[in-house]
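Okay, so here's the structure we're looking at.
Bear in mind that the values in this text are calculations on the coordinates, not laboratory data. Here the structure is a predicted model, which means the values were calculated and not measured. Every residue, glycine as well, gets a Cβ built from its backbone with ideal geometry; the counts of neighbours run over all protein chains shown.
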Amino acid sequence: MGDELLTVPEVMARLRLGRSTVYDLIRSRRLASMLVGRARRIPLAAVQDFIAREMGGAA
């Protein structure tokens with residue numbers, strides 16, 4: 001499903017980053033996220049877009 005929402009720990013595992021780094025990416029708007037109630041969720045598409053942008057910058 002393209003509209004899957006991930007938790008911060010799930011994003012941490014997928015990107016192999018620490019909690020602080022994931023929140024820094026969210027805070028700097030490099031990684032899109034949303035609040036569902038009090039829970040922070042990151043769309044899978046946002047993670048994929050972030051990876052694509054980072055890969056494009058490294059090439």
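Could you give the longest part of the chain that holds none of the trypsin sites (Lys or Arg not before Pro) found in DSSP loops with at most 11 neighbouring Cβ atoms within 10 Å? All intermediate terms of the calculation are to be shown ahead of the outcome.
Details: sites that count: Arg16, Arg29, Arg38.
Longest stretch, sites excluded: 39-59.
Once label points are set 7 Å from the Cα along Cα→Cβ at both Val36 and Ala13, what is their separation, rounded to one decimal in nm?
In this crude spin-label approximation the distance works out to 1.6 nm.
Could you tell me which GluC sites (Glu not before Pro) in the chain are loop residues by DSSP with no more than 13 other beta carbons within 10 angstrom of their beta carbon?
When the GluC sites (Glu not before Pro) of the chain are filtered for loop state and at most 13 Cβ neighbours within 10 Å, Glu4 remain.
For the range 21-35, what does the Karplus curve 6.51 cos²θ - 1.76 cosθ + 1.60, with θ = phi - 60°, yield as ³J(HN,Hα) per residue in whole Hz, taken in order and with x for Gly and Pro?
Coupling constants for the range 21-35: 5, 4, 5, 5, 4, 5, 4, 7, 6, 7, 10, 5, 8, 8, 9 Hz.
Net charge near Glu10, counting Lys/Arg +1 and Asp/Glu -1 over other residues with Cβ under 14 Å of its Cβ? Intermediate values should be presented prior to the final figure.
Working: positive: Arg14, Arg16, Arg19, Arg40, Arg41; negative: Glu4.
So the environment of Glu10 carries a net charge of +4.
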